[in-house]
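The values are calculated or read from the model by the stated rules, or taken from the named source; none is laboratory data. This is a predicted model, so every value here is computed, not measured. Please note: Cβ atoms are built from the backbone with ideal geometry, for glycine as well, and neighbour counts cover all protein chains shown.
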Amino acid sequence: MNWKLPHGITWRPVASYFFMVIIFFALLQLVAAQKLNLTGALAVALLLSVVLAWLLYRRVVAPLSEINETAREMARGRLDRELHLYSRDEIGQLANSVNEMARQLRRTINQITEEKDRARAILNSMADGVIALDRQGQVLLVNPVVEEIFNIKQEDCQGKNILGVIRNFDLELLLERALKTQQPLTREIKIIAPEPRIFRLHATPLEEADREKGGVVVLLRDVTERKKLDDMRSEFVANVSHELRTPLTSIRGFLETLLDGALDDRETARHFLEIMSAETERLTRLIDDLLDLSKIEERRVVHRWQPVDMIDVISRVLSMFRPQAREKNITLLSRLPSGLPVVQGDPDMLAQVLINLVDNALKYTPGGGQVTVSAAAADGRLEVSVADTGVGIPAESLPRIFERFYRVDKARSRELGGIGIGLAIVKHIIRAHGGKIQVESTPGRGSVFSFTLPAGEGAATLM
Amino acid sequence: MSPRSSFDKALAELQQDILRMASLVEQAIYDSVQSLVKLDVAGAAQVIMGDEMIDELYLEIEDKCVKLIATQQPIARDLRVAITGIKILLSLERMADHAVDIARATMCLSGQPLTVKPLEYIPQMARLAQQMVKDGLDAYVHGDVEKAREMCALDDEVDFLFAKTFRELINIMMENSKVVMQSTYLLYVSRYLERIADHATNIGEAVIYLVTGERRELN
């Protein structure tokens, strides 16, 4: 029976009220006809009420409280709950609507979560730092890059003013300006975190119709390394020019003196020409070294890839330096255990490494000192070290000594004939062989340069 | 806007102002120490010139603080916020002055090559002092009493290093009268660093007072 009265009244309530009224009249009649006394009528009424209440409970109250319970759970976020009420009355319809609502919500939430996850993933995978601020300049979010650079946590900075998160005067000033003017801006700023780092900051105001809602998104790109490279490059150019000019100036000076008349004095002329020849040689050596370095830096050079017995190389190099060491009164020692593994590489280049290292060690060790070359095998690698008892290297110079043209003490090293390129060559050769070089030093006590090379037949195929 | 929320806003602004000044002071300390290590006169000059701005900021924020107390008559925690604000400002201002002192020492030292080499303790002290300033300010930002209490240990370390530097420099001076000038300047520098660390503990004490209302000596 599907017919309905207006306003959604169905036949059920009508039928039940009708039934109740009939019973009421029937009981009245029975009491009036004295077929039933008052107590009996009350008892029958009570019995019928209990039956009715029970029916009401089964059909209405119990399902309603189940719906209520489930709705509450859904509000707590358990949208996977479903109601299993299949009655065709209003309560069944209500249950259906609740289920439908939950399904709809679940879909929407999934969609939003997915979008949010995607946005978060993009944010997390960015190599630049991202900070988002609201209109009041309070932090909305930071991405992991920022968390890492400034050693902070997203939870700790949400809702804080930027100064409470990154205490930097310029940063706050720039962000304030971006918020106020609503114009994008790009600057370079230095932030100490806790070492000074240089960032390229890009602030973009968030366009939002609602003025209250806007804000600003800040991108921070760490350009410290690039800046350092730029500085190194200009230093390199300056150094090369200087190194090339010094011998040239000297040659030109003597040339001019010769032209001005010194040419007539055979003795002086000869002396001058000798100096000029030495300077020319120095110039040639410098240019050769530069070419070597650039070739090695371009990684083109390990031509003669072959098994190399380092013991052999070390002994050869040491015998080369023996006379020089004796002249300076320096003891040249070697500690070479037998049965060391063979390495792969170019014997001449590896010899060059040792030549540069031993040459440096002899140069910077005063008479009476000691230079020791030792080799050892260490889990699949061969380690060679050159230790001296020389002047040592100050701690602040250690990270830079493998740079081209870096010299700890310019005046002293020029006196010793160095041009600040030897260790750069060493580093590149070792790197081209798949090895590593490191240095330890105590000023006044001496330095130890040690490098490792992969050992064995299959070690390091070229690049 | 209700009076309460405008007052809250004023307090938040006060904290922000203090942190803004703190950022300048931290930078000044860092730059002064760097100028000393590198004997960089230009860097030192910049620190000395930058102090003017810090002083201006100091007066401006202090005025704001006083006005806040006078017009809002805060009580309990609100009063403590205003009072600690003034205390922290004062410590920051003193630290900035010490940074200037270090920069001045750099200028005096820069003429001649450094012959005295006990400089290893001074950078160490500088690192610790800077860490303490940072910790104190972080504790202030987060109201972190634990962090404020932990500063005690760092301060002890700074004091220990100061005593060591002091002895060593005295010895050096007794051995070689030519380096008395240099050594004295270095002695001053270590003293300034020790004072900076002390002011940092003052900030820590202020934070503890701000959060708990109790007073505690940290150094």
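Selection within region A:310-333: residues that are assigned to a helix (DSSP H, G or I), among the aliphatic types (A, V, I, L, M) and within 47 Å of the chain's Cα centre (by Cα). The member of this set that is modelled with the lowest pLDDT is A:Met320. Close Cβ contacts (under 9 Å, 6 or more residues apart or on different chains) running from residues in region A:52-63 that are surrounded by 12 or more Cβ atoms within 10 Å (Cβ to Cβ) to residues that are hydroxyl-bearing (Ser, Thr, Tyr) comprise A:Leu52/A:Ser16; A:Arg59/A:Ser87; A:Pro63/A:Ser87. In this structure, A:Gly339 qualifies as at pLDDT below 85 and farther than 30 Å from A:Val237 by Cβ. Filtering region A:28-39 to residues that are modelled with pLDDT under 85 and part of a helix (DSSP H, G or I) leaves only A:Leu38.
Annotation: of all residues in region A:64-106 being in contact with a helix residue (DSSP H, G or I) (Cβ under 6 Å, 6 or more places away or on another chain) and of a type in the set (D, E, K, R), the one that is surrounded by the most Cβ atoms within 10 Å (Cβ to Cβ) is A:Arg81. Which of the residues that make up region A:343-361 are crowded, with 20+ Cβ neighbours inside 10 Å and either at pLDDT 90 or above or hydrophobic (A, V, I, L, M, F, W, C) (or both)? A:Val343, A:Met349, A:Leu350, A:Val353, A:Leu354, A:Leu357, A:Val358, A:Ala361 - these are the residues of region A:343-361 that are crowded, with 20+ Cβ neighbours inside 10 Å and either at pLDDT 90 or above or hydrophobic (A, V, I, L, M, F, W, C) (or both). Away from chain A (no Cβ under 14 Å), within 23 Å of B:Val211 (Cα to Cα) and touching a Cys at 6+ places or on another chain (Cβ under 8 Å): does that describe B:Leu79? For B:Leu79, the condition - away from chain A (no Cβ under 14 Å), within 23 Å of B:Val211 (Cα to Cα) and touching a Cys at 6+ places or on another chain (Cβ under 8 Å) - is not met.
Of all residues in region B:37-50, those satisfying the criterion of being away from every other protein chain (no Cβ under 13 Å) and either under 16 Å from the mean Cα position of the chain (by Cα) or buried (at least 19 other Cβ atoms within 10 Å of the Cβ) (or both) are B:Ala44, B:Val47, B:Ile48. Loosely packed, with under 15 Cβ neighbours inside 10 Å and more than 30 Å from A:Phe402 (Cβ to Cβ): is that true of A:Leu229 in this structure? In short, no.
Going residue by residue through region A:59-82, is there one that turns out to be in a loop (DSSP other than H, G, I, E, B) and either hydroxyl-bearing (Ser, Thr, Tyr) or over 30 Å from A:Ile109 (Cα atoms) (or both)? Scanning region A:59-82, I find no residue that is in a loop (DSSP other than H, G, I, E, B) and either hydroxyl-bearing (Ser, Thr, Tyr) or over 30 Å from A:Ile109 (Cα atoms) (or both), so the answer is no. Out of B:Met21, B:Met53, one residue alone is under 24 Å from A:Gly159 (Cβ atoms), within 14 Å of chain A (Cβ to nearest Cβ) and modelled with pLDDT of 90 or more. It is B:Met21. In region B:129-180, the qualifying residues are those that are surrounded by fewer than 16 Cβ atoms within 10 Å (Cβ to Cβ) and not in a helix (DSSP H, G or I), and the one that is modelled with the lowest pLDDT is B:Asn176.
Do we have any residue at all in region B:115-125 that's closer than 30 Å to B:Ala12 by Cβ, within 14 Å of chain A (Cβ to nearest Cβ), in contact with a helix residue (DSSP H, G or I) (Cβ under 7 Å, 6 or more places away or on another chain) and not in a loop (DSSP other than H, G, I, E, B)? Scanning region B:115-125, I find no residue that is closer than 30 Å to B:Ala12 by Cβ, within 14 Å of chain A (Cβ to nearest Cβ), in contact with a helix residue (DSSP H, G or I) (Cβ under 7 Å, 6 or more places away or on another chain) and not in a loop (DSSP other than H, G, I, E, B), so the answer is no.
Within region A:35-79, no residue satisfies the criterion of being within 60 Å of the chain's Cα centre (by Cα) and farther than 28 Å from A:Gln93 by Cα. Let me confirm something: among B:Ala99, B:Ala105, which residue is closer than 17 Å to B:Leu193 by Cβ, away from every other protein chain (no Cβ under 14 Å) and assigned to a helix (DSSP H, G or I)? So the residue among B:Ala99, B:Ala105 that is closer than 17 Å to B:Leu193 by Cβ, away from every other protein chain (no Cβ under 14 Å) and assigned to a helix (DSSP H, G or I) is B:Ala105.
If only residues of region A:254-282 that are crowded, with 16+ Cβ neighbours inside 10 Å and under 18 Å from A:Glu243 (Cβ atoms) are counted, the one that is modelled with the lowest pLDDT is A:Arg282. The residue that is modelled with the lowest pLDDT, counting only those in region B:1-18 that are away from chain A (no Cβ under 13 Å) and buried (at least 16 other Cβ atoms within 10 Å of the Cβ), is B:Phe7.
Scanning region A:366-386 for residues that are in contact with a Ser or Thr (Cβ under 9 Å, 6 or more places away or on another chain), surrounded by fewer than 22 Cβ atoms within 10 Å (Cβ to Cβ) and of a type outside the set (Asp, Glu) gives A:Pro366, A:Gly368, A:Gly369, A:Gln370, A:Thr372, A:Ser374, A:Ala375, A:Ala376, A:Ala378, A:Arg381, A:Ser385. Among the residues of region A:128-185, those identified as within 18 Å of B:Ala22 (Cβ to Cβ), of a type in the set (A, V, I, L, M, F, W, C) and surrounded by 18 or more Cβ atoms within 10 Å (Cβ to Cβ) are A:Val139, A:Phe150, A:Ile152, A:Cys157, A:Ile162, A:Leu163, A:Val165, A:Ile166, A:Phe169, A:Leu171, A:Leu174, A:Leu175.
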